[in-house]
Amino acid sequence: MTGVFLSPSQPVPTALAQVDREKIYQWINELSSPETRENALLELSKKRESVPDLAPMLWHSFGTIAALLQEIVNIYPSINPPTLTAHQSNRVCNALALLQCVASHPETRSAFLAAHIPLFLYPFLHTVSKTRPFEYLRLTSLGVIGALVKTDEQEVINFLLTTEIIPLCLRIMESGSELSKTVATFILQKILLDDTGLAYICQTYERFSHVAMILGKMVLQLSKEPSARLLKHVVRCYLRLSDNPRAREALRQCLPDQLKDTTFAQVLKDDTTTKRWLAQLVKNLQEGQVTDPRGIPLPPQ
């Protein structure tokens, strides 16, 4: 007879799922009311990984996206002068986590871009305060953009190139925390890996030199404070730049020595992928160079 009963660890799935769905619907409704919004933001942001269709539910429910944008706009006054508290930061980051969910979902991503919602996050990326609430705010905002580029969709890159995301990422790559730098560099890497993005950055010397200058500063910094994860993204950016003939020519002059010698040998000891990228980068820069009989590269005529 024992086989007839479900053990306590095996509740009836449909009934449990239904209760859960009802709670999700309730929290989504509660986002519309300022009195119940804070708790609803917290609960929904905790559940976003476990509810696969949460993004369409948020996008298509009445007033929800407006409520999330209201949360974002409400803290603009705390940005300048920088008075953002930990409580304010946590609350708006819960709203940003739900927007990241919408940005990641194939059913809602295009509409999310068409509504230009990423632009509401750019004031947060402009901030420079080093306090934890601001650092958390920048990192979570970068996470939304990171979720967009992770999809490798052409429309995402096309949209981002019409905005100021590249200079914003470059500034964070220069002076953010290690985590923020890593996400910002990942976003730049994804833009570069797209043909349109690479062409855009290499279109003018000003754009290319700004990117090359920041990457160079990062290499110098990484030689003092190594981070294998951040170095991986930096090397990938350099390798992709070397696919462009004009950028390749310029990199022959300005690639940091630390990437040519053994500076990072210890950091990359177990990272075969980055070692392979680095070897390919050096090879790309050597190919097609004119040398004199002693093997010394000659300057271009």
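Quick notes
- Test: residue in the range 128-142 that is of a type in the set (A, V, I, L, M, F, W, C), within 27 Å of TRP277 (Cα to Cα) and over 13 Å from the mean Cα position of the chain (by Cα): no
- Residue under evaluation ASP243, criteria (1) touching a Leu at 6+ places or on another chain (Cβ under 7 Å); (2) part of a helix (DSSP H, G or I); (3) among the acidic types (Asp, Glu), criterion not met: (2)
- Which listed residue is in a helix (DSSP H, G or I), crowded, with 18+ Cβ neighbours inside 10 Å and of a type in the set (A, V, I, L, M, F, W, C), from ALA103, ALA111: ALA103
- Some residue of the range 272-282 being farther than 27 Å from ILE166 by Cα, modelled with pLDDT under 95, open to solvent by 80 Å² or more (accessible area, probe 1.4 Å) and not basic (Lys, Arg): no
- Complete set of residues in the range 42-64 that are part of a helix (DSSP H, G or I) and either aromatic (Phe, Trp, Tyr) or farther than 16 Å from GLU107 by Cα (or both): LEU42, GLU43, LEU44, SER45, LYS46, LYS47, TRP59, THR64
- For CYS169, the stated conditions do not hold, so it cannot be described as surrounded by fewer than 22 Cβ atoms within 10 Å (Cβ to Cβ) and either under 22 Å from VAL144 (Cα atoms) or in contact with a helix residue (DSSP H, G or I) (Cβ under 7 Å, 6 or more places away or on another chain) (or both).
- Just one of the listed residues (PHE62, PHE120) is open to solvent by 10 Å² or more (accessible area, probe 1.4 Å), within 23 Å of ASP20 (Cβ to Cβ) and out of contact with any Phe, Trp or Tyr (no Cβ under 7 Å at 6 or more places or on another chain), namely PHE62.
- Residue check, VAL144 in contact with a helix residue (DSSP H, G or I) (Cβ under 8 Å, 6 or more places away or on another chain), of a type in the set (Val, Ile, Thr) and either in a loop (DSSP other than H, G, I, E, B) or open to solvent by 50 Å² or more (accessible area, probe 1.4 Å) (or both): no
- Selection from the range 250-271 of residues that are part of a helix (DSSP H, G or I) and loosely packed, with under 14 Cβ neighbours inside 10 Å: GLN253, CYS254, ASP257
- The set of residues in the range 24-59 that are of a type in the set (Lys, Arg) and open to solvent by 80 Å² or more (accessible area, probe 1.4 Å) contains only LYS46.
- Taking first residues from the range 102-121 that are more than 16 Å from GLY146 (Cβ to Cβ) and partners that are open to solvent by less than 10 Å² (accessible area, probe 1.4 Å) and of a type in the set (Gly, Ala, Ser), the Cβ contacts under 7 Å between residues at least 6 apart in sequence or on separate chains come to GLU107/ALA55; THR108/ALA55.
- Cβ-Cβ contacts under 8 Å between residues 6 or more apart (or on different chains), taken from a first residue in the range 196-213 that is over 18 Å from PHE186 (Cβ atoms) to a second residue that is in a loop (DSSP other than H, G, I, E, B), are listed as ALA199/ASN244; CYS202/ASN244; PHE208/CYS202.
The values are calculated or read from the model by the stated rules, or taken from the named source; none is laboratory data. Because the structure is a prediction, the values reported are computed rather than measured. Quick reminder, even Gly has a Cβ in these numbers, built from the backbone with ideal geometry, and neighbours come from all protein chains shown. Remember, those area values only see protein heavy atoms, side chains included, never the ligands or the DNA or RNA. Shrake-Rupley method; radii C 1.70, N 1.55, O 1.52, S 1.80 Å.
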